[in-house]
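Derivation of every value follows stated rules applied to the coordinates shown; laboratory data play no part. From a predicted model like this one, the values you see are computed outputs, not experimental measurements. Here the Cβ positions follow ideal geometry from the backbone for every residue, glycine too, while neighbour counts run over all protein chains shown.
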Amino acid sequence: MEPLYPITKTFSLKHYGIKDATMRYQLSPKELQEEVLQKGQGQRTNSGTLAINTGEFTGRSPMDRFIVKDHITKDKVWWGDINIPFESDAFDALYDKVTDYLSGKEIFVRDSYACADPEYRLNIRVINEYPWSNMFAYNMFLRPTEEELKDFDPEWTVINAPGFMADPKVDATRQHNFAILNFDRKVALIGGTGYTGEIKKGIFSALNFILPVERDCFPMHCSANIGEEGDTAIFFGLSGTGKTTLSTDPNRKLIGDDEHGWTKENTIFNFEGGCYAKVIDLSAEKEPEIFGAIKEGAILENVILKNGEVDYADTSITQNTRVSYPIYHIENIQTPSIGKNPKNIFFLTADAFGVMPPISKLTPSQAAYHFISGYTAKVAGTEAGVVEPQPSFSACFGAPFMPLHPAEYAEMLVKKMKDTGVNVWLVNTGWTGGPYGVGSRIKLKYTRAMIQAVLNGDLGLYSYDNYHIHSVFGVAQPRTCPGVPDSVLSPRATWNDDEAYYKTAFKLTNAFRENFKKFESYANEEIRRGGPQRYAF
């Protein structure tokens with residue numbers, strides 16, 4: 001149900017350096033959609049959904065994401081190509097330019113919060129140049145009640161100005177777009193890009209620093225759901241691995257699809273108030289819950305409309321077509337978005353080399369190693385110049401959003417595993433019977449059956465009779481699984497060419513080892529033992 005909000009509130013944007021602006025405060029999604037349509041910034045689909053084009057940027061720009069290096073961050077952030085430092089003075093100067101740019105304009109302001117658990121709640125004020133950006137903030141952050149808004153005190157502020165273009169020579173940015181976190185001023189400053197994902201990822205990156213450093217809470221780039229018996233399942237995975245698809249289960253209540261915290265009391269809470277799902281090749285048959293959530297109030301990004309109907313197969317703008325919608329568009333949700341009793345964790349990878357088992361059980365050290373590695377693969381056509389499968393690694397299955405060193409998050413995971421006895425499973429949603437171009441994608445129905453078998457307890461305890469230790473990756477793969485042919489469970493058997501299989505498998509393990517070199521000096525011995533132990537012949 002869409003909450004009702006007051007239209008006006010007495011406060012001034014001058015406090016933020018924005019002068020003589022017309023403030024549109026806390027507009028409803030319906031009002032914001034009409035604003036977008038009246039301004040010619042979007043279209044209405046036949047289902048009533050808003051469709052917009054984010055412009056030059058249809059995805060995040062990781063090399064243009066910065067963190068201000070100051071007394072709070074200088075000794076804690078893992079600086080490098082992922083967390084790029086930005087000087088405080090340069091931030092202050094750029095901030096003044098952005099707020100001056102917004103002065104005199106019509107500005108859309110929204111008060112919201114992150115973290116469903118009241119103990120960890122973070123109040124946020126979002127200041128947007130465009131109405132559709134403000135509607136995205138409504139969808140993706142949690143929505144205060146009318147009573148809560150009366151005395152709302154924002155702790156963090158997002159200032160979002162897609163139309164402002166930085167001058168790299170003057171403003172110390174790499175190019176005209178930027179997304180900068182300032183932990184001292186508690187501001188996420190975004191300019192030069194209309195991609196809405198920068199708004200939510202700015203706040204969630206801040207939480208990935210705040211929660212472990214200040215609150216002893218483990219932040220996770222993951223989805224989560226909960227069963228009828230109260231058992232919580234957690235799904236880690238990079239884009240395209242099935243994180244949203246597999247966690248949106250008609251038989252389990254969705255807690256959230258992207259960002260969660262794991263408290264010291266061992267509860268799991270959602271950061272968000274909505275979902276931001278990829279819609280490439282979406283259909284009602286394959287993903288009925290997500291398909292059904294795309295209705296008035298949702299925002300489709302960079303899709304192609306044909307006579308008012310969305311062509312989900314058309315990726316002529318981008319392969320990263322998306323939809324955002326408030327979580328209440330999904331019928332089967334956990335309210336509030338909090339789960340207890342975590343029982344199983346799934347690491348999802350789309351292995352385009354076709355050599356990893358479709359499911360395997362990990363020891364704590366293996367779980368930490370694969371968590372730090374964050375493996376998936378790029379396939380031909382996904383990026384310019386990619387003509388064959390390429391390994392892709394993103395630490396903690398979300399490196400661009402993790403300000404601390406990955407080993408710190410991995411050590412938190414190992415501690416949680418040992419404290420709770422949670423099981424960790426590595427699930428390959430990628431290829432079988434050969435690499436991309438030779439084999440085929442593992443059938444979704446098989447992956448769902450494997451996940452269900454874990455949740456039902458059907459894979460049983462580890463034993464020689466029930467599991468086989470993979471000779472290359474060292475992980476325990478089940479010999480049988482309800483609903484899945486035994487032959488599918490053995491990647492080697494699906495190839496029908498042992499020599500080709502092992503050469504490809506060793507090629508991938510060497511890529512793992514090469515990637516892990518940058519973490520070795522930080523990772524403890526237990527974590528280092530979790531990787532594959534053999535080299536290519």
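Table for the structure above
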item	result
Between region 135-167 and region 169-235, the alpha-carbon center distance in angstrom	14
Around Gly292: net Lys/Arg minus Asp/Glu count, Cβ-Cβ under 13 Å	-3
Helix-only mean residue ellipticity at 222 nm for the chain, each DSSP H run of n ≥ 4 adding -39500 (n - 2.57), per residue, nearest 500	-8000 deg cm²/dmol
Hydrodynamic radius by Kirkwood, which averages 1/r over all alpha carbon pairs of region 191-309, in angstrom	15.9
In nm, spacing of pseudo-spin labels at Glu229 and Glu514 (7 Å Cα→C-beta vector)	4.4
Rg(Cα) / (2.2 N^0.38 Å) computed for the chain, rounded to two decimals	0.96
Summed side-chain charge close to Val422 - residues other than Val422 whose Cβ falls under 14 Å, Lys, Arg +1, Asp, Glu -1	+4
Fraction of antiparallel bridges per DSSP, the chain only, in percent to nearest 5	60
Mean Cβ count within 10 Å, highest first, over the residues of peptides 111-117, 43-49	111-117, 43-49
Modelled FRET efficiency - R0 56 Å, Arg44 with Trp78, Cβ distances, 0.05 increments	0.80
In region 132-170, the GluC sites (Glu not before Pro) that fall in loop regions by DSSP, at most 16 other Cβ within 10 Å	Glu155
Local electrostatic count, Asn524, Cβ distance below 14 Å [Lys/Arg +1, Asp/Glu -1]	-1
For region 387-537: rounded, prolate or oblate by the Cα gyration tensor [a/c cutoff 1.5]	oblate
Relative contact order (%) - criterion: Cα under 8 Å, at least six apart; region: the chain	13
Span-rule helices in the chain, defined as complete DSSP H runs reaching 15 Å or more along the axis (Cα) with Kyte mean at least 0.0	197-215, 444-456
Cross-link partners of Lys201 among lysines (Cα-Cα below 18 Å; sequence separation of 8 or more within a chain)	Lys186, Lys243, Lys278
Cα Rg, Dmax (largest Cα-Cα span) when computed across region 150-234, Å	16.9, 58
Fraction of beta bridges assigned by DSSP in region 93-236 that are antiparallel (%, nearest 5)	65
Euclidean distance between Cα centres, region 70-85 to region 425-447, Å	38
Fully extended contour minus Cα-Cα distance, from Ala284 to Ile469, at 0.36 nm per residue	62.8 nm
17 Å Cα-Cα reach of Lys150 towards aspartates and glutamates, excluding residues that sit fewer than 8 places from it in its own chain	Asp111
